[in-house]
Amino acid sequence: MFLSPENLRILKEPFGLLLENKSVSKVKLYNSVKHAKLIVSVGDATTDRVNSYGIVPSVSVVDGKERREQRKKAGGDSLLPNRILQLRCSNPAGTISRGAVQVLCHALKASVTKPVRVIVEGEEDLLALPIFLLVPYGSVVLYGLPFKGIVIVKVDFKKRKRAKDLMESLGIDWIGGYDDAVAE
């Protein structure tokens, strides 16, 4: 699947409130998530930053990379392994794979009892889109916007519809299930 210039532009725009790097603080992040039904972080740097402020997401989705460069430790490594459930999936760069979505569904269900970290072999960037559709309304999804800051998405009907519409424009059929979608 080819990503059109319009879809690339849309994917680079924040899906929610952009908290710029210079403005990120424990108080601002805490106030953004304190009433969330569920907190999900996507990305290694975002997960580490949120964890450094004492906020443990219900689900963290990481790939061990930052700006496509391998990190020494995957995001969320500071959490004690016996306190979180770790799941793994494969999701090649520029894709939303059926297998990754199945693991995300399992992670969200399992997060009721303990935090879950999903370690992605490949790339986690586009996995925020199905997460917007899978989490309950009132959840907060946090993801990084390179060199800019953390995007805070409070999931509601409009955010969910926007994610669904974007996925459909990328050729991903949400109703019929996922076909592997590759951005070239």
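The values are calculated or read from the model by the stated rules, or taken from the named source; none is laboratory data. Just so it is clear, the model here is predicted, and its values are computed rather than measured. Counting neighbours? That spans all protein chains shown, and the Cβs are built from the backbone with ideal geometry, glycine included. All accessible areas refer to the heavy atoms of the entire protein, side chains included, with ligands and DNA or RNA removed. Shrake-Rupley method; radii C 1.70, N 1.55, O 1.52, S 1.80 Å.
What does the accessible area of residue 63 come to, in Å² to the nearest 10, when a probe of 1.4 Å is used?
Here the accessible area works out near 20 Å².
List every residue whose amide H lies under 5 Å from the amide H of residue 85, counting only residues 5 or more places away in sequence or on a different chain, with H placed 1.01 Å from N in the peptide plane.
Residues meeting the criterion, in which the H sits 1.01 Å from N, are 116, 117.
I need the calculated FRET efficiency for the pair residue 154 and residue 10, taking r as the beta carbon distance and R₀ as 25 Å, to the nearest 0.05.
The computed FRET efficiency comes out at 0.85.
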